[in-house]
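Structure, as structure tokens:
The values are calculated or read from the model by the stated rules, or taken from the named source; none is laboratory data. Everything numeric here is computed off the predicted structure, so don't read it as measured data. Glycine gets a Cβ as well: all are built from the backbone with ideal geometry, and neighbour counts include every protein chain shown. Ligands, DNA and RNA are excluded from the accessible area calculation, which covers all protein heavy atoms including side chains. Shrake-Rupley method; radii C 1.70, N 1.55, O 1.52, S 1.80 Å.
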Amino acid sequence: FPSGHTALTFAAAAAGGWIYASGSDDTTARAAVWFGGATVAGATAVLRMKAGRHYPSDVTMGAVLGIAGIAVPAAVLGDVHLKGGEIAAMAGGVLIGAGIASVIPFDHDVIVPIAVPGGGGVAITGTMR
């Protein structure tokens with residue numbers, strides 16, 4: 001408690017969106033960046049629970065901490081003013097990511113980080129139904 005993976009992905013989504021938004025006036029592109037990051041973050045939260053690694057309270061607190069770690073300093077700086085479409089894209093991304101991840105049909109879910117030469121990633125293994 002809390003889910004570090006969820007906190008990290010929500011922080012990355014918030015930081016990436018904020019950095020992009022601070023350098024762009026194109027609200028459509030900004031909304032797309034917010035949506036993409038939020039989709040990955042929402043999926044991560046659900047997949048952590050499906051893997052049996054965390055409870056809903058763990059991923060909820062991870063999301064809160066991840067977002068707050070970026071949003072609080074960004075709000076103090078005040079260099080980005082979010083539009084309604086961007087906020088809707090964030091919320092929609094979380095819902096879409098969580099929804100897609102929740103219907104992945106695995107009998108036994110195992111989600112593990114992997115390291116490869118020159119990078120890393122996430123491996124999802126399981127038996128398909």
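Data for the structure
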| item | result |
| --- | --- |
| Residue within the stretch 117-128 that is open to solvent by less than 60 Å² (accessible area, probe 1.4 Å) and at pLDDT 85 or above present | no |
| Residue in the stretch 1-13 that is farthest from the chain's Cα centre (by Cα), counting only those that are crowded, with 24+ Cβ neighbours inside 10 Å and of a type in the set (Gly, Ala, Ser) | Ser3 |
| Unique match (being surrounded by fewer than 11 Cβ atoms within 10 Å (Cβ to Cβ), farther than 21 Å from Leu8 by Cα, of a type outside the set (S, T, N, Q) and at pLDDT below 80) among Pro105, Pro113 | Pro105 |
| Inter-residue pairs, beta-carbon under 6 Å, first within 19 Å of Gly52 (Cβ to Cβ) and in the stretch 93-107, second at pLDDT below 85 and among the β-branched types (Val, Ile, Thr), 6+ apart | Asp107/Thr127 |
| Scan of the stretch 14-59 for residues that are touching a residue at least 24 places away in the same chain (Cβ under 8 Å), open to solvent by less than 60 Å² (accessible area, probe 1.4 Å) and part of a loop (DSSP other than H, G, I, E, B), ordered by number | Ala51, His54 |
| Of all residues in the stretch 74-84 being under 20 Å from Gly36 (Cβ atoms) and open to solvent by 50 Å² or more (accessible area, probe 1.4 Å), the one that is modelled with the highest pLDDT | Gly84 |
| Failed item in (1) among the aliphatic types (A, V, I, L, M); (2) without any contact (Cβ under 8 Å) to a residue 40 or more places away in the chain; (3) in contact with a helix residue (DSSP H, G or I) (Cβ under 7 Å, 6 or more places away or on another chain), with Ala75 passing the rest | (3) |
